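Below: the structure, in structure tokens.
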Amino acid sequence: MGSHAAPQYVPSETRLFKPLKVGNVTLEHRIAMAPLTRLRSDDNHVPLPLMEKYYADRGCVPGTLVISEATAIAHEEEGQRSNPGFVSEAQTEAWRKIISAVHANKSFFFQQIWGMGRASDPKHLAERGFPYRSSSNVPMKGIDVEPTALTEEEILQIIQSFVDTAKRVVAAGGDGVEIHSAHGYLLDQFLTAGVNKRTDKWGGSIENRARLTLAVLKATSEAIGAEKVAVRFSPYAGFQGSEKSDSVELYSYIISEIKKMGLKLAYISLVEATGDPGAIVRGDKAINVGKTLDFILEAWENRSPVMVAGAYTPESAAKAVEEHYKHWDVIVAFGRHFISNPDLVFRVKNGIPLAPYNRATFYLLKQWEGYNDYPFSPEFLAAHPEAVHPMTE
Ligand code: PHB
């Protein structure tokens, strides 16, 4: 295709801008803000006030689904400096303010919640008196410490921590939770055969490896309602040892069990092969390129929306919802572009070019820089001065 070829789709005229019901809320369009690690919490893993502006601004177009960065379900899972938790009163109050700021812009908020397991920094855990744990004792590449395998009692505690956190999120006003079961973090450390070497009912067969994720989905759904629970999987990722040779069998089984339990989840979030943080963040070799998520969408039968992520542009997202995913209600998540474009949805809708992001400032601990200093477009400011969160530096 020559460089002068006209774009095939005008995004604002595609299904991207068709409203969609997700759980109890109705989105005005199908562009979501992806969960993104940003490390702007304090030393007690409490969100800093600057996060209110960041999230509120990204929900500046009413009816946008904003998903939080991954947030710990227990202090033991706060495995990295300045990553947030949703456990203490101070953490809960900080998130309550963030959630109200997003709601004030008439957008919606799902909290992504996780355990980090062996993807934690063992030194950070040790400093706080916590053990370094995983499904079994298989070390993480590049980390010189062997994790201990969770005991059965600790596994049950993990399930309870997901439930308790989901309840705190809803009590703080959140529209739902997204259970993180992807990318080599704790739940995925149970799913992946190369990481989970357990010989009890939590390891070995697909049925056993899937048991914890399914138990978490069931228990949180019973606690807050399945329509407020979502889940994220990365069937094709290699990040942090998450590569799987049995993805089709594993995720087909998981979907069939979710259906059997009758859980009409808010949405299922799936990372495409092109979204592997191993390749994107760490510069690893891209794997599984070309493999599609279709077997999961086919199995799920549109019971609720599916979110896809993986280096989409406005044009490729428009094409995806019109072509590849035309039979399904698909939401497209944007990550990096949302970092540098607080008014991303407005820009896509109005054909305004996106501002480039600066990877070097993605993870500047606690800093305003690289976080709240990406401006709105002049067009957005002219149209909606009232939508902008008032905080200035
Ligand atoms: C990261 O912090 O790099 C990260 C966190 C969660 C993901 C992927 C990457 O799902």
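The values are calculated or read from the model by the stated rules, or taken from the named source; none is laboratory data. This is a predicted model, so every value here is computed, not measured. Here the Cβ positions follow ideal geometry from the backbone for every residue, glycine too, while neighbour counts run over all protein chains shown. Side chains included, ligands, DNA and RNA excluded: accessible areas come from the protein's heavy atoms. Shrake-Rupley method; radii C 1.70, N 1.55, O 1.52, S 1.80 Å.
Against the definition (acidic (Asp, Glu), surrounded by fewer than 24 Cβ atoms within 10 Å (Cβ to Cβ) and outside any loop (DSSP other than H, G, I, E, B)), how does Glu52 come out, yes or no?
yes
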Hey, among Gly176, Gly203, which residue is within 21 Å of the chain's Cα centre (by Cα) and open to solvent by less than 10 Å² (accessible area, probe 1.4 Å)? Gly176
Counted residues, region 67-76 - those being away from the ligand (no atom under 16 Å from the Cβ) and without any contact (Cβ under 8 Å) to a residue 60 or more places away in the chain: 2
Search result, residues across region 9-45 that are part of a strand (DSSP E or B) and open to solvent by less than 60 Å² (accessible area, probe 1.4 Å): Leu20, Val22, Val25, Leu27, Ile31, Ala32, Met33, Ser41
Kindly establish whether Pro390 is at pLDDT below 95 and outside any strand (DSSP E or B). yes
Take Ala182 and decide whether it is in a helix (DSSP H, G or I) and either buried (at least 24 other Cβ atoms within 10 Å of the Cβ) or at positive phi (or both). no
Hey, any hits in region 225-241 for a residue that's touching a residue at least 60 places away in the same chain (Cβ under 8 Å) and of a type in the set (A, V, I, L, M)? yes
Give all pairs with beta carbons closer than 7 Å in which a residue from region 87-106 that is of a type outside the set (A, V, I, L, M, F, W, C) meets a residue that is part of a helix (DSSP H, G or I); count only pairs at least 6 apart in sequence or on separate chains. Thr92/Arg168; Lys97/Glu52; Asn105/Ala56; Asn105/Ala387
Could you grab me the full set of residues in region 188-223 that are more than 18 Å from Glu243 (Cα to Cα) and not in a helix (DSSP H, G or I)? Thr199, Asp200, Lys201, Trp202
Looking at Ser247, Ser269, Ser234, can you tell me which residue is more than 24 Å from Gln160 (Cα to Cα) and either touching a helix residue (DSSP H, G or I) at 6+ places or on another chain (Cβ under 6 Å) or modelled with pLDDT of 95 or more (or both)? Ser247
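Suppose we keep only residues that are open to solvent by less than 10 Å² (accessible area, probe 1.4 Å) and either out of contact with any helix residue (DSSP H, G or I) (no Cβ under 7 Å at 6 or more places or on another chain) or more than 13 Å from the ligand (Cβ to nearest atom) (or both) within region 78-94. Which one would you say is nearest to Val169 (Cα to Cα)?
The initial filter retains those residues of region 78-94 that are open to solvent by less than 10 Å² (accessible area, probe 1.4 Å), namely 78-79, 82-86, 91.
Then drop every residue that is not either out of contact with any helix residue (DSSP H, G or I) (no Cβ under 7 Å at 6 or more places or on another chain) or more than 13 Å from the ligand (Cβ to nearest atom) (or both), which leaves 78, 82-83, 85-86, 91.
Numbers: Glu78: 17, Ser82: 19, Asn83: 17, Gly85: 11, Phe86: 8, Gln91: 11 Å.
Residue satisfying both the conditions and the ranking: Phe86.
This table checks each residue for (1) closer than 25 Å to Ala266 by Cα; (2) surrounded by 20 or more Cβ atoms within 10 Å (Cβ to Cβ); (3) out of contact with any Gly (no Cβ under 9 Å at 6 or more places or on another chain).
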| site | (1), (2), (3) |
| --- | --- |
| Val330 | yes, yes, yes |
| His337 | yes, yes, yes |
| Arg347 | no, yes, yes |
| Leu354 | no, no, yes |
| Thr361 | no, no, no |
| Lys366 | no, no, yes |
